[in-house]
Amino acid sequence: MEALPISYTGFISFYPAPSGFFTSFDSILRSSAERRVRYREVAVSFGSDQAVLLDRLDEAVRFAPQPTHGLVSKVIAGACTRIPVLSKAGKAAEIDRLVESGAWTDATLALIELELPGWTLRRLIREDGQWHCSLSRQPNLPIALDDTADATHEIMPLAILLAFLQARRMTAATVRSAASVPAVESERTEFVWCENFA
């Protein structure tokens with residue numbers, strides 16, 4: 001039996017292998033500006049993933065024929081950051097009780113109260129067969145000056161839930177824009193007080 005010659009094709013790098021010195025001292029050697037840029041990239045990546053998730057939840061709520069336990073649970077799991085922590089402390093039991101009993105409007109209002117404490121229901125009206133819901137951070141401002149989270153749906157609790165998702169999106173955008181502002185290090189300034197005593 002004749003042995004076949006073995007041949008490999010592929011690219012072989014002629015660069016020497018890294019020593020590992022810079023990987024172990026990377027955090028020490030990297031400048032603070034480079035660290036800030038890297039943190040900003042992570043925040044933007046997380047923000048874009050969260051935006052996609054909120055868009056999917058928005059679509060699921062918009063096309064839902066009625067509120068269900070699964071839909072509200074999906075919104076809580078995907079858009080809420082405070083509820084899981086509060087539920088471990090036993091403070092979110094009211095939402096579970098309201099969802100189990102089918103009190104969808106009260107459950108969505110309790111969800112807003114616990115998850116977005118700075119937001120309140122500003123307006124909830126029915127017009128042309130649609131419920132219009134507006135959530136606001138500053139309900140004492142005139143409506144024309146207020147930056148509200150608005151949503152419409154044929155079913156009132158789903159309109160409130162859509163407005164909640166819009167408020168969540170606006171809150172996330174505010175946090176992202178605050179995180180993307182570069183920190184400016186203050187320069188040392190020396191003041192000299194000169195007074196003419198003549």
For Ala151, the residues 5 or more places away or on another chain with a placed amide H closer than 5 Å to its own amide H are Cys133
Applied in sequence order to segment 66-83, the curve 6.51 cos²θ - 1.76 cosθ + 1.60 (Karplus, θ = phi - 60°) yields integer Hz couplings, x standing for Gly and Pro, of 7, x, 9, 4, x, 5, 5, 5, 5, 5, 5, 5, x, 10, 9, 10, 8, 4
Could you work out the relative contact order of segment 36-171? I mean the mean sequence separation of Cα pairs under 8 Å and 6+ apart, divided by the number of residues, in percent. 21 percent
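Every number here is computed from the coordinates shown, using simple stated rules; none is lab data. For clarity, every value in this text was computed on a predicted model and none was experimentally measured.
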